[in-house]
Every structure is written in C-alpha cells, then in structure tokens.
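See below for the structure under consideration.
The values are calculated or read from the model by the stated rules, or taken from the named source; none is laboratory data. What you see is a predicted model; the values in this text were computed from it and never measured. Don't worry about glycine lacking a Cβ; one is built from the backbone with ideal geometry, like all the others, and counts go over all protein chains shown. Just the protein is used for accessible areas: all its heavy atoms, side chains included, with ligands, DNA and RNA removed. Shrake-Rupley method; radii C 1.70, N 1.55, O 1.52, S 1.80 Å.
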Amino acid sequence: MHHFHYHNGRLHAESVDIETIAREVGTPFYLYSHATLSQHFKAFDHAFAGIPHITCFAVKSCSNIAILRLFSSLGGGADIVSGGELFRALKAGVDPKKIVYSGVGKTEEELRQALHAGILMFNVESEQELDALQNAAADIDVTAPVSFRVNPDVDPKTHAYISTGLAKNKFGIAIDQALAVYQRASKMKNIEVKGVSCHIGSQLTQVGPFVESLRKVKNFIARLAENNIRISHLDLGGGLGITYDREEPPHPDAYAAAIKAELGDLNCTLILEPGRVIVGNAGILVSRILYTKTNIAKKFMIVDAGMNDLARPSLYGAYHAIMPVNEQRTGKVVADVVGPICETGDFLAKEKEVPDCEPGDLVAVMSAGAYGFTMSSNYNTRPRVAEVLAKDDSYHLIRHRETYSDLIRGEELPDFLK
Ligand code: LLP
C-alpha cells in the first residue's frame, strides 16, 4: 500500500503533482510520502500491541533526519550501526533509551559515543567487542547495557548478500558458543547483561525462518535461565520483506501473530528493527529520460539517475518497477534503462518491459525508499540527489541536492602542488 497514484493523467505523491516537483527541484530526486511512511510505521507497531515492545527503525534503510523525526514522533526508536547513525538519530530527537546499536565492527570511539549518549542496549557481536566495551565503560565509570547477537544458523531464503543468520556469515556469536560468553559477561564490572538479539537477514518473504530462529533463541534463553542469567529484552532484528514485483510477503499482522504464538509466556520487552517494510514502498526515485537509442541488439533508455543514485539493481540484480509520470505513455517496450555512469553494470532495469518513453519524459523508479538514498554515492563525481517529502498537497525539500562545492569539501592540495 502506498500513496503514489495517477490523478488527471499524471503520477502524484499524495496530492502533489510529481511533474511540478521535478520542475522546481530538478531531477533526479527521491520522493517519500508522509502518509505512507506513517501508515507503515503504525501498521507495524500496532501489530505488536498488547506486548511490551519498542519499534526501533533501522536507520541504515533510510536515514534522513526528517524521516527519523517522524518515526520518533510516532513513538519509535532507532536501530543504529555506526557513530554516524547515532549522530543522526540524536539530531532527529530519537530518545536514547530507544536506541539499540548493532554491527560487527564498532570502534572504541563509537562505543564511547554511544555510552555517553546513554543508549538502551549494545548488541555485541564478539568477545573482543565485549572486552572493548568493558574497557570503554570502565574509563568513564558507567555500566554498559548489553545484549549479545546470537547467530542461530537459520536460512532466511533471501539473496546471499543480505543473509546474516547462517553459520558461515560474519554476524553474531554462534548460538552454541554463546552461553560461555554470557557467563563471562555477567561477571564483568561495567557490563549489565540485558538481552539477546538476533537478525537473520533482509527481504524475507516467509515467516518460517523467523519462527525457526525465535524457537532456537527461546531455547537458548531457557538455558541462560538454568544458569541463573535472566534477560529482560529480546531483540528480533528486522528483515520483513516487501513486494517489489510479485513477492507476497506476510503482512506485519501475520508476522507479529507468528512471533507472538512462538513467544508463549516469555516475559521480555521485544525490540524490533524493521527498515524496508516501513520505508521501501514509501519512496520512489524520480528521473528524467535523457536519450533513447536502439542498437542491433536492443533498446536503451538513458536516464539521469545511475547506479550511484540507486545501487540495488546493479548490486543485487534487484527489480524495481518503472512507471511513467505521464499516464498517457501506455506503450510498453523491452529495454535496458541505464544511467550515465561509465560502467556496463550501471542499469536500473535490464531487459525488462518498461514504459515506452521519449527524451524529456519523467519516470518513477518504484519501491526505492529503503536502501536507495542511503546507499547512494558520489561515484563519477555526481552530486547526491535531493530528497523530498510529500504531505497532503504540499512538498518539503528534506535534503538539498549536493553542489559541486560539496563534492570537493575536505579535499586539499598539498603545498608541493600549489
Ligand atoms: N537489523 C539489523 C541488525 C540489520 O542488519 C538490518 C539490515 C536490519 C535490522 C533491517 O533490515 P530490514 O528490515 O530493512 O530488512 N542493502 C540491502 C539490505 C541490507 C540489509 C542490512 N541489514 C538491500 O538493498 O536489499
């Protein structure tokens, strides 16, 4: 469900004409719908009503501070994976007591920053990280709230690059080795053992793997209890998928129902870290066709957005539907929609049926709200694009397009070249 629809022959975001935004902001740009973001957040959060929980939005999926502020105003927290994301979340006004910090490679400096901020919980992923956290906490004389990310060795049945809960993945501590780590941690002076966490992957389209990993984690929590280690928080990570094409992922209600059924009487506060399911279909990338050409083999549509703006098709072979902004473009053609980057891997659609557009036409690359802007780069020295938030009949620029000066900010000529 989303709020990008045709009205009077043109694609709108809520009640805003996308062509008007393009004229005023320029292209390409990311465009989010406020109503969609809010509804998706609420649908997910309400699905867990009745059990103590915090919906900690996965900042990596879409990190604009306006969007983080929106979720925090709806009661959400944040799942962060770097000092930079901590900085953003705090700037956006997220309550530190609703921030959880995941990731395999937190630096000492990042640990210290998060301790100073007083976050809810560190999801620790190795024994060495535990030692680093103990040292950092001792230095500033505080106690670090900890949950260990356990790796349950469950196949999430998704793209290999975004599977995280298999034994061969770099994430977490193998569930069979974790008890000893908890025992060690519970004796550490500046560590408070608070929870267990796990995240098995992203874009999951079935509940089975979630339930299987929860079952393993629950057994593990029982083993902890037998060893007199009681935890108050259970972090189930994120990972619920969305429809890009024909996938039929479970609705958050079905996901929550399956989790609740498996939880039984486990007396913990649940932490959930959804990203994609909330923002994925709440954002699009709007781009303009520059040129078209047909060579012997096929037709190309060259647009002004490239793999630096949306990396998912190139990186994962991901599918993103492409819609014309002008509804009258009803014709279809099999083509490659490619960007201006000097790489053959630079495409937004490859040999797909796409609207038969002309130079100057606008197209919307759908389902680009998650891991779209946040994975964009300056490759080929291209300024990162603007981000726009539509709400009812108005729109708001929530990130300015970068300028050429932004692109060389921080670069310097050494004296010998001056
Ligand atoms: N929690 C942790 C610890 C994670 O690693 C992730 C995503 C999430 C939560 C949020 O997962 P979600 O609900 O969004 O599935 N760039 C890839 C996705 C990478 C996901 C990384 N971790 C893509 O574009 O598909």
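Summary of values
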quantity	calculated
Strands (runs of 3 or more DSSP E) enclosed by segment 1-57 - at least 2 residues per element that are of a type in the set (Ser, Thr, Tyr) and under 20 Å from ALA305 (Cα atoms)	29-33
Number of positions in segment 289-320 that are surrounded by fewer than 16 Cβ atoms within 10 Å (Cβ to Cβ) and within 16 Å of the ligand (Cβ to nearest atom)	3
Filter result for THR158 (in contact with a Pro (Cβ under 8 Å, 6 or more places away or on another chain) and assigned by TED's automatic domain parsing to the domain that holds GLN113)	no
Of residues in segment 97-137 being in a helix (DSSP H, G or I) and either among the basic types (Lys, Arg) or touching a residue at least 60 places away in the same chain (Cβ under 8 Å) (or both), the one most open to solvent (accessible area, probe 1.4 Å)	LYS97
Matching option when the condition is outside the structural domain of TYR371 (by TED's automatic domain parsing), open to solvent by less than 30 Å² (accessible area, probe 1.4 Å) and in a loop (DSSP other than H, G, I, E, B), among GLY195, GLY165	GLY165
Given (1) part of a loop (DSSP other than H, G, I, E, B); (2) β-branched (Val, Ile, Thr); (3) within 19 Å of ILE231 (Cβ to Cβ), index of the condition VAL94 fails	(3)
Tally of residues being more than 19 Å from the chain's Cα centre (by Cα), aliphatic (A, V, I, L, M) and open to solvent by 20 Å² or more (accessible area, probe 1.4 Å) across segment 22-47	1
Segment 170-192, subset open to solvent by 30 Å² or more (accessible area, probe 1.4 Å) and touching a residue at least 40 places away in the same chain (Cβ under 8 Å), residue nearest to the ligand (Cβ to nearest atom)	PHE171
From the options ILE341, ILE289, residue that is within 27 Å of VAL25 (Cα to Cα), touching a Cys at 6+ places or on another chain (Cβ under 6 Å) and of a type outside the set (Phe, Trp, Tyr)	ILE289
Residues that are closer than 19 Å to PRO324 by Cβ, assigned to a loop (DSSP other than H, G, I, E, B) and open to solvent by 50 Å² or more (accessible area, probe 1.4 Å), drawn from segment 350-386	ASP356, GLU358, PRO359
Any chance PHE416 is modelled with pLDDT of 95 or more and touching a Gly at 6+ places or on another chain (Cβ under 9 Å)	no
Condition broken by ILE398, with the remaining ones in (1) touching a strand residue (DSSP E or B) at 6+ places or on another chain (Cβ under 7 Å); (2) in a loop (DSSP other than H, G, I, E, B) satisfied	(2)
Matching residues in segment 293-325 - criterion: being among the charged types (D, E, K, R) and either more than 19 Å from the chain's Cα centre (by Cα) or assigned to a strand (DSSP E or B) (or both)	LYS293, LYS298, LYS299, ASP304
Residue in segment 323-341 that is touching a Ser or Thr at 6+ places or on another chain (Cβ under 7 Å) and more than 12 Å from the ligand (Cβ to nearest atom) present	no
Index of the failed condition, GLY50 passing every other in (1) modelled with pLDDT of 95 or more; (2) open to solvent by 30 Å² or more (accessible area, probe 1.4 Å)	(1)
Residues that are out of contact with any helix residue (DSSP H, G or I) (no Cβ under 9 Å at 6 or more places or on another chain) and either in the same structural domain as GLY201 (by TED's automatic domain parsing) or within 16 Å of the ligand (Cβ to nearest atom) (or both), drawn from segment 55-83	none
Residue check for ASP356: acidic (Asp, Glu), under 25 Å from GLY9 (Cβ atoms) and either assigned by TED's automatic domain parsing to the domain that holds ILE296 or out of contact with any Leu (no Cβ under 8 Å at 6 or more places or on another chain) (or both)	yes
Scope segment 142-169; condition within 11 Å of the ligand (Cβ to nearest atom) and either free of Cβ contacts under 8 Å to residues at least 12 places away in the same chain or of a type outside the set (Val, Ile, Thr) (or both); matching residues	ARG149, PRO156, HIS159, TYR161, SER163, GLY165, ASN169
Selection status of PRO252, within 16 Å of the ligand (Cβ to nearest atom), in contact with a strand residue (DSSP E or B) (Cβ under 8 Å, 6 or more places away or on another chain) and assigned by TED's automatic domain parsing to the domain that holds PHE148	yes
